[in-house]
2 protein chains.
Amino acid sequence: MQPVHDEYMSEYPPACNRRVEWLTGFSGSAGMAVVLIEKAALFTDGRYTLQADMEVDAVYAKYNSGELAPEAWITKHAGKGDAIGYDPKIFTQAMIQRMQKTLTAKGITLTPSPNMVDTIWQDRPSAPASPLFVHDIAYSGEESSSKRKRIAEQLEMLGADVGIVTAPDAVCWLLNIRGRDVENTPLVLATAIIDSHGHVQLFVASSRCDAQVRGHLGSDVEICAPNTLEQKLAQLGKAGRRVQLDPASASIWFSQVLTKAGAKIIEAQDLCLLPKAMKNPVELAGICNAHIRDGVAVAKLLCWLEGEFYVREVTELDVSDKLLVFRAADRMFVEPSFPTIAGSGPHGAIVHYRVSEETNRVLKKGELLLLDSGGQYLDGTTDITRTVAIGEPSREHRDRFTRVLKGHIALATALFPQGTTGSQLDVLARQYLWQSGLDYDHGTGHGVGCFLGVHEGPQRISKRGGDAVLQAGMILSNEPGYYKAGAYGIRIENLVAVTRQAHGEGGKDWLGFETVTCAPLDPKLVDASLMTQVEKDWFNAYQAWVQSCLSDSLDAHERQWLAARCAAIR
Amino acid sequence: MQPVHDEYMSEYPPACNRRVEWLTGFSGSAGMAVVLIEKAALFTDGRYTLQADMEVDAVYAKYNSGELAPEAWITKHAGKGDAIGYDPKIFTQAMIQRMQKTLTAKGITLTPSPNMVDTIWQDRPSAPASPLFVHDIAYSGEESSSKRKRIAEQLEMLGADVGIVTAPDAVCWLLNIRGRDVENTPLVLATAIIDSHGHVQLFVASSRCDAQVRGHLGSDVEICAPNTLEQKLAQLGKAGRRVQLDPASASIWFSQVLTKAGAKIIEAQDLCLLPKAMKNPVELAGICNAHIRDGVAVAKLLCWLEGEFYVREVTELDVSDKLLVFRAADRMFVEPSFPTIAGSGPHGAIVHYRVSEETNRVLKKGELLLLDSGGQYLDGTTDITRTVAIGEPSREHRDRFTRVLKGHIALATALFPQGTTGSQLDVLARQYLWQSGLDYDHGTGHGVGCFLGVHEGPQRISKRGGDAVLQAGMILSNEPGYYKAGAYGIRIENLVAVTRQAHGEGGKDWLGFETVTCAPLDPKLVDASLMTQVEKDWFNAYQAWVQSCLSDSLDAHERQWLAARCAAIR
């Protein structure tokens, strides 16, 4: 059994860990290959079934895992007494327990084994070994020593001697370091162990740490060779240590090694998860600054597009490439935070569309362009979607855009008591679409890191399962949409920060959102007759704020364009 | 250990099962008494801590169970090797497992034992033995044989031979019977076993079933003496039967008896729960009719109150008594569906206020009266709250009432796709209060039965945990409120039916609510300047509908009063 994700539970592993792609050809971000002696199968979710059919040889039977789970398939093709090997480093405890339940009933066992793809992969690329670099205190806002002290206090409260930090973004946050091990996210793929005094063992090749990084990490952070991790875990066990581990994100390998060696495991959510999600004032200021500079690039792109469109044919790739040029002009820009989605006409309705030479198409009059993109800046991560009309939009375009906009505004202006979860607020963004029997088949908001992952937990805004309480300092996207298959897609995405408001009755903490994304919306798509005065006021105030923030960084022509685009609607 | 609820898991047990009240004096609807050899304690939730202090002798230490759980208290006062007896008939599996977890760690065991209160209760009232009566097909809309067939099919699908129906309201629904075993709900306290052919064993004294009931039940329903239940369960076990049981509502006694005898238990939600909640067209028509007749009584009461108030002093008890007189005039009325809450001024802020001779107070000018009441009618169960101004309301009264009303309207007019849960919609009712830093500390809506419980599951509308999907035919309350301690309470409660709407995009099922409660709202409390035109239109249409439904059943004076109260606001 081989899932797409790797030992860091990342959907986007580095080349050396794209085992399923090497084995089967499948390049999607979720799925699992199962190889028996005489049969093999590939399981993906509904988003990827077409892609799997195109990419994967007929040797593999292909299934939608929502319709047939891998373990159900195994019970059909394996029998009593058979053993299925799995690499314990790439399965969580929950995954193995779920599969074991079905298989045990049929007398099939799951057996931990070395990774079988690795044993036959001859020309496997080497592991990423980008140099680590310091994430400056000017951007992180809190010294690593202070973060480590906070985590150590939490370990004490849990009665744990040490905690295992298995998520690479948590390691980066904790130590104020970054790397370039994967695309789109400035990660160091590394694991750390922190004890209740705040001392850390960081498992990363010492050759990747220069003098500056070593100086930054200081004497309380010991750099250990990655291949000593197992031995160090075993030592914890032999010493009878109580070890905190997050069963939702750590692979089952950790608990197997620790338990076997005699450690007592204390299951608790990754201790860095919440402090990382709740940005400090320095991070929030950086995020706001990054969004204004990002907004300059987006505004320049939109202005360029409007001019260019009259001069020559413009393609989706042109838009994507030009946007990167504008973003790259900023000296704090590092890379896109994900592959740009530039979906014109029917491509806009494909939620995870990615433009390529093969799919590239020319923008046409009367169509919509959905442009979802973002940047990694030293001071923050951006993620923005703008939907713009190429030429004149249709009546239907405007009706749907306005319903999406009303939902976006309802969420942006929501006030709510401390203790509220994202799933409680989700309906605010959907209600005006629902009134017309319309909906969108994705979440309304995801957490975003600070010069880290463009998707981070625990906060999110979705129909269900958004059980994490929203807390001041969290960054979320606000991105309702509407998609008409084969025709067009609409999404309005701004990032918002959860902010403290005037206290509620009885002195209770009350929260709201402050929009940080700063780029103009397209007024041609707004049907003002569907909007209340309060909604129009919000729209006009937002556009005026965008104009005031961006104008000084634009040339005269762009400035004029922005003024026209930001003119108040009535 | 003795909880307040009884073997039917009811909060409102009959006199013979009010064991905690007999033992300790505590008369609240939730709590638990624990008696050790040298110490005793009573645990209640936050609603009842003051009441427990007043009612219960100092022999019992009193605790808020949210702050100190009974099992935590036990670990302090009992030690390794001690055994705590519990009556397995009044604890669910989940309750025992939760407590056992804490106690086992301290070496304390929980031991099933006969009920120790029963063994010492000398003058215990006899068990209720009200005659059963048939719930006519004209009200139930589906023959019991048809219901039994549907449940039998579900048993087949689960691979179960029989199912245990432990909830009395499920037994009543399944067999189209009712009784008067408890106040406010027309229940027969009985258990049933149904097999996969639809045959039923009903455990109830045969003396309670007259010829009409026997004829109604027919040959497929065997009446068994209640004291044979254990033996019948054991027979199922000995025969190796697969038995469906709902671990959330059945006491642990059932699984203990069945498992010991060798039965295989299939855990699944009470099979009657959903079909009972999704009312058929006959039930819905009856419910609408009952609400119109109930609305006549409420309108007469409100008109009487407005006249009476100028003539003499009116008390809360006067209001409650007079309302019962108006309701009782209907020949289909059986009894109130719960004790009337008539809370004037500061009493309105006590969410579970119950007027008594001791608390009774005279209504005063400038105050609000919160009147929450309901009736059991042969064709439906009602539950309505009206808040009315006595004399002129204050500016604050009107602001708060209007915010509650806006939330009530937002929920009443919501449209949503099939698959939506109540917790997804809850925020719609709270949003306008939240905008002002205000909230209410109770759920927004609960399910209601048809001539059955005024609270029923699985559907509800609440901040969290309303995980049951809303389905066409379900009845729910829509009851946002606002409470200012020591000053006043506001609640606007109508019952609504979940109804199918025009299909959504792609032919998806789309749902909405139809308000069935039919009684005038108080326009004096509305600040129209805070309302949108859509909201004012809803309010005026509702009031006009109420007027058209009720006028013919009122006398000339009342009709004139209603016309004035239902005049459109601008």
Exercise. Could you please give the count of residues in segment B:461-476 that are more than 14 Å from every other protein chain (Cβ to nearest Cβ) and buried (at least 24 other Cβ atoms within 10 Å of the Cβ)?
Key: 3
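Has segment A:151-162 got any residue that is surrounded by 14 or more Cβ atoms within 10 Å (Cβ to Cβ) and under 30 Å from A:Phe338 (Cβ atoms)? Break it down into steps so the answer makes sense when it comes.
If we filter segment A:151-162 for residues that are surrounded by 14 or more Cβ atoms within 10 Å (Cβ to Cβ), which is where we start, we get A:151-152, A:154-155, A:158, A:160-162.
Narrowing the set further to residues that are under 30 Å from A:Phe338 (Cβ atoms) leaves A:151.
The answer is yes, given that some residue of segment A:151-162 is surrounded by 14 or more Cβ atoms within 10 Å (Cβ to Cβ) and under 30 Å from A:Phe338 (Cβ atoms).
Looking at B:Asp210, is it within 17 Å of B:Leu245 (Cα to Cα) and among the charged types (D, E, K, R)? Even if it seems obvious, please write down each step before you answer.
Details: within 17 Å of B:Leu245 (Cα to Cα): no; among the charged types (D, E, K, R): yes.
The answer is no for B:Asp210.
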Quiz item: Looking only at segment B:532-546, which residues are modelled with pLDDT of 95 or more and either out of contact with any helix residue (DSSP H, G or I) (no Cβ under 9 Å at 6 or more places or on another chain) or surrounded by 19 or more Cβ atoms within 10 Å (Cβ to Cβ) (or both)?
Solution: B:Glu535, B:Asp537, B:Trp538, B:Phe539, B:Asn540, B:Ala541, B:Tyr542, B:Gln543, B:Ala544, B:Trp545, B:Val546
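If you take the residues of segment B:24-37 that are in a loop (DSSP other than H, G, I, E, B) and free of Cβ contacts under 8 Å to residues at least 40 places away in the same chain, which of them is surrounded by the fewest Cβ atoms within 10 Å (Cβ to Cβ)?
Initially, segment B:24-37 is screened for residues in a loop (DSSP other than H, G, I, E, B), giving B:25-31, B:36-37.
Keeping just the survivors that are free of Cβ contacts under 8 Å to residues at least 40 places away in the same chain gives B:25-31, B:37.
Values: B:Gly25: 14, B:Phe26: 26, B:Ser27: 15, B:Gly28: 20, B:Ser29: 15, B:Ala30: 16, B:Gly31: 28, B:Ile37: 8.
Among residues in segment B:24-37 that are in a loop (DSSP other than H, G, I, E, B) and free of Cβ contacts under 8 Å to residues at least 40 places away in the same chain, the one surrounded by the fewest Cβ atoms within 10 Å (Cβ to Cβ) is B:Ile37.
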Self-check item: Pairs where the first residue, in segment A:292-321, is under 28 Å from A:Tyr542 (Cα atoms) and touching a residue at least 12 places away in the same chain (Cβ under 8 Å) and the second is among the hydroxyl-bearing types (Ser, Thr, Tyr) and part of a helix (DSSP H, G or I), C-beta under 7 Å, 6+ apart
Solution: A:Val296/A:Ser553
Quiz item: What are the residue pairs meeting all of these: first residue in segment A:511-533, first residue within 14 Å of another protein chain (Cβ to nearest Cβ), second residue crowded, with 17+ Cβ neighbours inside 10 Å and small (Gly, Ala, Ser), Cβ atoms under 6 Å, and 6 or more apart or on different chains?
Solution: A:Phe513/A:Ala412
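Taking the criterion of being modelled with pLDDT under 95 and touching a Gly at 6+ places or on another chain (Cβ under 8 Å), would at least one residue in segment A:94-101 satisfy it?
Of segment A:94-101, the ones modelled with pLDDT under 95 are A:94-101.
After this cut, where a residue has to be touching a Gly at 6+ places or on another chain (Cβ under 8 Å) as well, the list is none.
Among the residues of segment A:94-101, not one is modelled with pLDDT under 95 and touching a Gly at 6+ places or on another chain (Cβ under 8 Å), which makes the answer no.
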Quiz item: Is it true that A:Gly345 is out of contact with any Ser or Thr (no Cβ under 7 Å at 6 or more places or on another chain), within 14 Å of another protein chain (Cβ to nearest Cβ) and either closer than 22 Å to A:Leu305 by Cα or in contact (Cβ under 8 Å) with a residue 12 or more places away in the chain (or both)?
Solution: no
Quiz item: Out of all the residues in segment A:354-385, which are in a strand (DSSP E or B) and either touching a Ser or Thr at 6+ places or on another chain (Cβ under 6 Å) or modelled with pLDDT under 95 (or both)?
Solution: A:Val362, A:Glu367, A:Leu368, A:Leu369, A:Leu370, A:Asp372, A:Ser373, A:Gly375, A:Gln376, A:Thr381, A:Ile384
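I want to confirm something. Restricting to segment A:416-429 and keeping residues that are of a type outside the set (S, T, N, Q) and outside any helix (DSSP H, G or I), which single residue is farthest from the other protein chains (Cβ to nearest Cβ)? Write out each step before concluding.
First pass over segment A:416-429, keeping only residues of a type outside the set (S, T, N, Q): A:416-417, A:419, A:422, A:425-429.
Next, from what is left, pick out any that are outside any helix (DSSP H, G or I): A:416-417, A:419.
Details: A:Phe416: 5, A:Pro417: 6, A:Gly419: 8 Å.
Here the residue is A:Gly419.
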Self-check item: Filter result for the condition that a residue is modelled with pLDDT under 95 and not in a helix (DSSP H, G or I), over A:Val351, A:Val334, A:Val388
Solution: A:Val351
Self-check item: Residue in segment A:495-506 that is farther than 21 Å from A:Thr421 by Cβ, more than 14 Å from chain B (Cβ to nearest Cβ) and surrounded by fewer than 20 Cβ atoms within 10 Å (Cβ to Cβ) present
Solution: no
Quiz item: When residues of segment B:484-494 are filtered for being among the basic types (Lys, Arg) and either at the interface with another protein chain (Cβ under 9 Å from one of its Cβ atoms) or within 15 Å of B:Ile461 (Cα to Cα) (or both), how many remain?
Solution: 1
Quiz item: Looking at A:Gly453, A:Gly447, which is the one that is away from chain B (no Cβ under 14 Å) and in contact with a Ser or Thr (Cβ under 6 Å, 6 or more places away or on another chain)?
Solution: A:Gly453
Quiz item: From the residues in segment B:111-150 that are aliphatic (A, V, I, L, M) and more than 20 Å from B:Gln212 (Cβ to Cβ), which one is surrounded by the most Cβ atoms within 10 Å (Cβ to Cβ)?
Solution: B:Val117
Quiz prompt | Residues that are in contact with a His (Cβ under 9 Å, 6 or more places away or on another chain) and within 14 Å of chain A (Cβ to nearest Cβ), drawn from segment B:383-405 | solution = none
Quiz item: What tally of residues in segment B:96-123 results from selecting those that are closer than 29 Å to B:Cys16 by Cβ and touching a residue at least 24 places away in the same chain (Cβ under 8 Å)?
Solution: 13
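Residue check: is A:Leu438 at the interface with chain B (Cβ under 8 Å from one of its Cβ atoms), assigned to a loop (DSSP other than H, G, I, E, B), of a type outside the set (D, E, K, R) and in contact (Cβ under 8 Å) with a residue 40 or more places away in the chain?
On the way: at the interface with chain B (Cβ under 8 Å from one of its Cβ atoms): yes; assigned to a loop (DSSP other than H, G, I, E, B): yes; of a type outside the set (D, E, K, R): yes; in contact (Cβ under 8 Å) with a residue 40 or more places away in the chain: yes.
Judged against the criteria, A:Leu438 is a match.
Is it true that some residue in segment A:4-14 is among the small types (Gly, Ala, Ser), more than 16 Å from A:Leu68 (Cα to Cα) and either without any contact (Cβ under 8 Å) to a residue 40 or more places away in the chain or assigned to a loop (DSSP other than H, G, I, E, B) (or both)?
Within segment A:4-14, the subset among the small types (Gly, Ala, Ser) is A:10.
With more than 16 Å from A:Leu68 (Cα to Cα) added as a condition, the list becomes A:10.
The next check asks that each one be either without any contact (Cβ under 8 Å) to a residue 40 or more places away in the chain or assigned to a loop (DSSP other than H, G, I, E, B) (or both); those that pass are A:10.
For segment A:4-14, residues among the small types (Gly, Ala, Ser), more than 16 Å from A:Leu68 (Cα to Cα) and either without any contact (Cβ under 8 Å) to a residue 40 or more places away in the chain or assigned to a loop (DSSP other than H, G, I, E, B) (or both): present.
Of the residues A:Leu324, A:Leu317, which is surrounded by fewer than 22 Cβ atoms within 10 Å (Cβ to Cβ), within 20 Å of the chain's Cα centre (by Cα) and not in a strand (DSSP E or B)? Talk me through it step by step, then tell me what you get.
Numbers: A:Leu317 fails: within 20 Å of the chain's Cα centre (by Cα).
After applying the criteria, what remains is A:Leu324.
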Quiz item: Does B:Pro247 satisfy the condition of being surrounded by 15 or more Cβ atoms within 10 Å (Cβ to Cβ) and farther than 30 Å from B:Ala497 by Cβ?
Solution: yes
Quiz item: Restricting attention to segment B:469-503, and to residues there that are among the small types (Gly, Ala, Ser), closer than 24 Å to A:Leu433 by Cβ and at pLDDT 95 or above, which single residue is nearest to the chain's Cα centre (by Cα)?
Solution: B:Ala497
Quiz item: Somewhere in segment B:406-415, is a residue assigned to a loop (DSSP other than H, G, I, E, B), surrounded by fewer than 23 Cβ atoms within 10 Å (Cβ to Cβ) and either among the hydroxyl-bearing types (Ser, Thr, Tyr) or more than 9 Å from chain A (Cβ to nearest Cβ) (or both)?
Solution: yes
Quiz item: For A:Ser251, which of the numbered conditions (1) closer than 25 Å to A:Val162 by Cα; (2) without any contact (Cβ under 8 Å) to a residue 60 or more places away in the chain fails to hold?
Solution: (2)
Practice problem: Go through segment A:315-327 and give me each residue that's β-branched (Val, Ile, Thr) and in contact with a strand residue (DSSP E or B) (Cβ under 7 Å, 6 or more places away or on another chain). | Solution: A:Thr315, A:Val319
Quiz item: What residue, among those in segment A:125-166 that are under 22 Å from the mean Cα position of the chain (by Cα) and part of a helix (DSSP H, G or I), is farthest from A:Asp195 (Cα to Cα)?
Solution: A:Tyr139
Practice problem: Specify which of the listed residues (A:Ala225, A:Ala234, A:Ala263) is small (Gly, Ala, Ser) and surrounded by 17 or more Cβ atoms within 10 Å (Cβ to Cβ). | Solution: A:Ala263
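The values are calculated or read from the model by the stated rules, or taken from the named source; none is laboratory data. Please read these numbers as outputs of a predicted model, since none were measured by experiment. Glycine gets a Cβ as well: all are built from the backbone with ideal geometry, and neighbour counts include every protein chain shown.
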